[in-house]
Amino acid sequence: MRAAFVVLVMAAILVAGCGSRVPPTAPPAQTTSACQAPGRLTMADNGHSVCATVGAKFTVELPDDGKGHWSAIVSDSDAVDTLLLTGSPPISGTQADFMARHKGTAKLTASRPVCPSAPPGGMTCKSLQGFTVTVTVS
């Protein structure tokens with residue numbers, strides 16, 4: 001009987017020991033801001049949200065594909081502002097450079113006509129293609 005008890009105790013110790021080793025844990029990862037300056041925004045970013053840190057500079061480039069001229073790319077907030085080059089007016093239409101000035105959110109927008117211009121006395125559709133990107137500055 002005592003031998004059976006010893007066997008049971010040994011089996012219990014072995015079973016408990018097999019699953020009791022806890023692998024060492026890695027130290028917690030340093031939390032860093034996942035926000036990366038976009039660098040360049042294109043039509044592929046249309047309708048998306050991006051983030052930028054204060055001071056980040058980036059360019060918006062819209063296609064110059066002969067389908068119509070884009071309006072100036074504008075920001076609805078001073079959190080993201082057009083970057084003026086010394087002595088140059090801001091570039092409008094297909095490209096503009098921006099800078100994240102302070103924390104906040106801004107929508108960058110532009111539009112262009114979808115239909116060609118109507119001949120004199122003709123009709124046109126008045127439809128517009130839009131571009132919008134929301135930039136959150138952190």
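Annotations
- Test: residue in region 37-48 that is at pLDDT below 95 and open to solvent by 90 Å² or more (accessible area, probe 1.4 Å): yes
- Cross-chain or 6+ apart pairs with Cβ under 7 Å, region 116-132 first and surrounded by 11 or more Cβ atoms within 10 Å (Cβ to Cβ), then basic (Lys, Arg): Leu128/Arg112; Gln129/Arg112; Thr132/Lys107
- Every residue from region 84-108 that is open to solvent by 50 Å² or more (accessible area, probe 1.4 Å) and at pLDDT 95 or above: Arg101, His102, Lys103, Thr105, Lys107
- Members of region 110-130 found to be among the aliphatic types (A, V, I, L, M) and more than 30 Å from Asp97 (Cα to Cα), listed by number: Ala118, Met123
- Checked against the criterion of being out of contact with any helix residue (DSSP H, G or I) (no Cβ under 9 Å at 6 or more places or on another chain), open to solvent by less than 80 Å² (accessible area, probe 1.4 Å) and among the acidic types (Asp, Glu), the candidates Asp65, Asp76 yield just one match: Asp65.
- Filtered residue count, region 49-62, keeping only those that are open to solvent by 40 Å² or more (accessible area, probe 1.4 Å), part of a loop (DSSP other than H, G, I, E, B) and touching a strand residue (DSSP E or B) at 6+ places or on another chain (Cβ under 6 Å): 1
The values are calculated or read from the model by the stated rules, or taken from the named source; none is laboratory data. The model shown is predicted, which means the values in this text are computed figures rather than measured ones. FYI the Cβ positions are ideal-geometry reconstructions off the backbone, even for glycines, and counts take in every protein chain you see. For the accessible areas, the whole protein counts, side chains as well, though only heavy atoms, and no ligand, DNA or RNA atoms are used. Shrake-Rupley method; radii C 1.70, N 1.55, O 1.52, S 1.80 Å.
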